[in-house]
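This report concerns only the one structure given below.
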Amino acid sequence: MLLQSVAAVFFVADATRDLFEQPPGAHSIIEALIAGTLVAGIFLAGWQLRLTLERMRIQERALDTARGDFVRIIETQFDAWALTPAEREVGLLALKGLDIAEIARLRGAAQGTVRAQMARIYAKAGVSGRAQFAAWFVEELLGDGIGRPDDPD
């Protein structure tokens, strides 16, 4: 936009000089129209940029809200399932997409321990594996889940 503004100043000054120094001809009028169009384009681009930045701010606020809601949903559900602190940590790492080996390495635990903790989490959650475990939270966040196996519908 800065480069467009510099060009607009040049073309407007040139068109104005041409219109006032000599009788206006076709060339001068076309040059003035082009300069006016360039100025209008700059204003429209600025307006569009402002609208885009506002949309981005709104989306960022919505994303921040969704993140907060997701964390709240996870904490509330972990409380409802009565997960131990270790199970909470393992469950959160699993939701972040880490595999058993990565979780074990991060926690300084054996893979068998992590596997057992995941099995207890799945049992408490009433799901059969990692995909259903993660899907439970996504459905909850979206608010119109398709129903879990324990739902009567």
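The values are calculated or read from the model by the stated rules, or taken from the named source; none is laboratory data. These numbers were taken from a predicted model, which means no experiment stands behind them. Each accessible area value is taken on the protein alone, full model and side chains, heavy atoms only, with ligands, DNA and RNA left out. Shrake-Rupley method; radii C 1.70, N 1.55, O 1.52, S 1.80 Å.
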Accessible area per residue of the stretch 31-92 at 1.4 Å probe, in Å²?
67
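Please label the shape of the stretch 58-125 as rounded, prolate or oblate, based on the square roots a ≥ b ≥ c of the eigenvalues of the alpha-carbon gyration tensor (a/c under 1.5 means rounded; beyond that, a/b larger than b/c means prolate, else oblate). Mind dumping the intermediate values first?
Working: a/c = 3.24, a/b = 1.71, b/c = 1.89.
Oblate, since a/c reaches 1.5 and b/c is not below a/b.
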Probe 1.4 Å - accessible area at Ile29, Å² to nearest ten:
90
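In percent, how large is the relative contact order of the chain, given Cα pairs closer than 8 Å and 6 or more residues apart?
Values: 76 pairs, mean separation 26.3, N = 153.
Computed over the chain, the figure is 17 percent.
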At 0.36 nm per residue, and after removing the present C-alpha to C-alpha distance, how many nm does the segment from Gln22 to Ala62 gain when stretched out fully?
8.6 nm
Rounded percent of accessible protein surface that carbon and sulfur make up, the chain, 1.4 Å probe:
65
The stretch 1-54: relative contact order in percent, alpha carbon pairs under 8 Å with at least 6 residues between:
44
Computed helical MRE - 222 nm, the chain, DSSP H runs ≥ 4 contributing -39500 (n - 2.57), nearest 500:
-27500 deg cm²/dmol
